[in-house]
Amino acid sequence: MTDQITILGIESSCDDTAAAILRADADGVRIMSSVVTSQTELHANFGGVVPEIAARAHAERLDLMVEQAVDESNVPLSKLDAIAVTAGPGLIGGVISGVMCAKGLARGLGIPLVGVNHLAGHALTPRLTDGLKYPYLMLLVSGGHCQFLRVDGPEEFTRIGGTIDDAPGEAFDKVAKLLGLPQPGGPAVEREALKGDFLRFKFPRPLMDRPNADMSFSGLKTAVLRTRDALVAEQGGLSEQDRSDICASFQDAVRDVLVQKLYRALEGQFDLTGVAVAGGVAANKRLRLALEDVCETMDVLFVAPPLDLCTDNAAMIAYAGLELFQLGRRDGMDLVARPRWPLDQHSPAMLGSGKKGAKA
Ligand code: KG4
Ligand code: ZN
């Protein structure tokens, strides 16, 4: 059967080492296997991802992940047609580890290599999971990224707006830290917020008055810090209820900004097939429901891929590689690992749109 394509995907741009095998044929695209190993425990004592530790761990684990993906898929290496690998943006040591692993395999097997932009992997995921057609609007909202992208093709991205400073996930993590909650902060803050009063504190909703889809979250985190300090000065500490109320009020501030900016991002976009979200923050139920409501109001389809395909994984890299491969893209042994690689090459660079070092 000649129109069957089997592709291995490799991901190592931050602190997850992942491999996956995808098969495309006349019936569609199937994930044959997708394995991820996280390095969270290696970085736990450092308050963030340490690039050197990450790179070494990727180098140690990549071949194990590839072996596991091959075993679980029951597809022998000899049946692969191509290898897709994250070639950026990300922590450069990790990206190089992945690219070198992919080059070795491609050379050894005599098959083509396709370099993939990690963010394109996230942005194309709703096509893999839900068959969403071009063009659609994508909200990438994670620990290192926050942007609205119009997606017209596997290499055609237009940034409609994005954060000018922190990403929301970063804000969730910092707020959790300020309140003595565990990391990652998002799920912890969401849990606390369930018991809280979201109207008690009036946290800022920055840039709401601007007529574009740009966002800002760093002032919000500072406002939470001030509120905490004021309560501590006044009462000598924070009660359980104070903490829950701060979480609920903070979460609603993030929600209001994303909701308002989604309306802005949808302005004048009349040909979209849907709106999709990806990234860890999209796991937040209150946030997700609010975004879904906007789509209902605007009469546009809302797609939220399952969480394991919203966060870093290699199936999304294999899928983006597959679309590029089908368009004829082939990379050689000169494929370069890139720390920065904005998806929208035409807009001026912005934080959170392919910056160095951020978890994407
Ligand atoms: O996409 P992701 O797993 O990793 C990257 O950043 O690429 O996102 C992680 C971020 C963390 O900042 C985490 O606190 C946040 O997503 N997060 C959440 C929730 N679950 C994870 N934020 C808000 N609510 C959640 N339920
Ligand atoms: Zn990512």
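Overview of values
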{"read-out": "Given (1) farther than 25 Å from L324 by Cβ; (2) away from ligand 1 (no atom under 16 Å from the Cβ); (3) within 19 Å of the chain's Cα centre (by Cα), number of the condition I10 does not satisfy", "value": "(1)"}
{"read-out": "Top-ranked residue in the range 1-44 [being hydroxyl-bearing (S, T, Y) and away from ligand 2 (no atom under 16 Å from the Cβ); ranked as surrounded by the fewest Cβ atoms within 10 Å (Cβ to Cβ)]", "value": "T2"}
{"read-out": "Tally of residues being open to solvent by 50 Å² or more (accessible area, probe 1.4 Å) and under 15 Å from D165 (Cα atoms) across the range 209-221", "value": "0"}
{"read-out": "Any chance V85 is open to solvent by less than 10 Å² (accessible area, probe 1.4 Å), within 21 Å of A320 (Cα to Cα) and not in a loop (DSSP other than H, G, I, E, B)", "value": "yes"}
{"read-out": "Matching residues in the range 248-277 - criterion: being buried (at least 22 other Cβ atoms within 10 Å of the Cβ), in contact with a Phe, Trp or Tyr (Cβ under 7 Å, 6 or more places away or on another chain) and not in a helix (DSSP H, G or I)", "value": "V275, A276"}
{"read-out": "Tally, over the range 179-199, of residues that are open to solvent by less than 40 Å² (accessible area, probe 1.4 Å) and more than 21 Å from the chain's Cα centre (by Cα)", "value": "5"}
{"read-out": "Extreme residue, surrounded by the most Cβ atoms within 10 Å (Cβ to Cβ), among residues of the range 131-165 that are in a strand (DSSP E or B) and among the basic types (K, R)", "value": "R159"}
{"read-out": "Residue tally, condition assigned to a helix (DSSP H, G or I) and within 16 Å of ligand 1 (Cβ to nearest atom), over the range 291-338", "value": "10"}
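The values are calculated or read from the model by the stated rules, or taken from the named source; none is laboratory data. Worth saying up front: this structure is predicted, and the values here are computed from it rather than measured. As a convention, Cβ positions derive from the backbone with ideal geometry for all residues, glycine included, and neighbour counts pool all protein chains shown. Heavy atoms of the whole protein, side chains included, go into the accessibility calculation; ligands, DNA and RNA do not. Shrake-Rupley method; radii C 1.70, N 1.55, O 1.52, S 1.80 Å.
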